[in-house]
Amino acid sequence: MPQPDPIPSLRRSQWQRFRRIMRWMALVSVLTAAAAVFFVTQGESETKIHMLIATALGAGLSVLLGAALMTLTFLSSGSGHDEEASRTPDEILIDKDEL
């Protein structure tokens, strides 16, 4: 007898979605770091390698960190965890009485 497909786990699908978004944002982060290094080299006649490395790491990691935090906020809001966390004890009691 054929078995029905299992219901996909919400947690697993959220992590897959997070990883997919972060892969794209890692590419954006690398492009941002490259653009920052390009603009620094255009502005000064003599650039030191240490400054270029610091610029690339600073710009790239800042974009990556911002993207990770915004993605987590977006996924948290979409999963419904925010509504459950913001409920007051009175609302929880009302919901239990309705059952």
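At-a-glance table
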| read-out | value |
| --- | --- |
| Q42-Q3 pseudo-label distance in nm [points 7 Å out on the Cα-to-Cβ vector] | 5.9 |
| Phi to ³J(HN,Hα) by Karplus 6.51 cos²θ - 1.76 cosθ + 1.60 over region 24-34, Hz, x for Gly, Pro | 5, 6, 5, 5, 4, 5, 5, 5, 5, 5, 5 |
| Full-extension gain in nm, R12 to M51, via 0.36 nm per residue minus C-alpha separation | 10.0 nm |
| Highest average packing first - 17-24, 60-67, Cβ atoms within 10 Å | 60-67, 17-24 |
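All of the numbers you see were taken from the coordinates with simple rules; none came from a lab. All of these numbers come straight from a predicted model, not from anything done at the bench. Because the Cβ atoms are built from the backbone with ideal geometry, glycine has one as well, and the counts that use them run over all protein chains shown.
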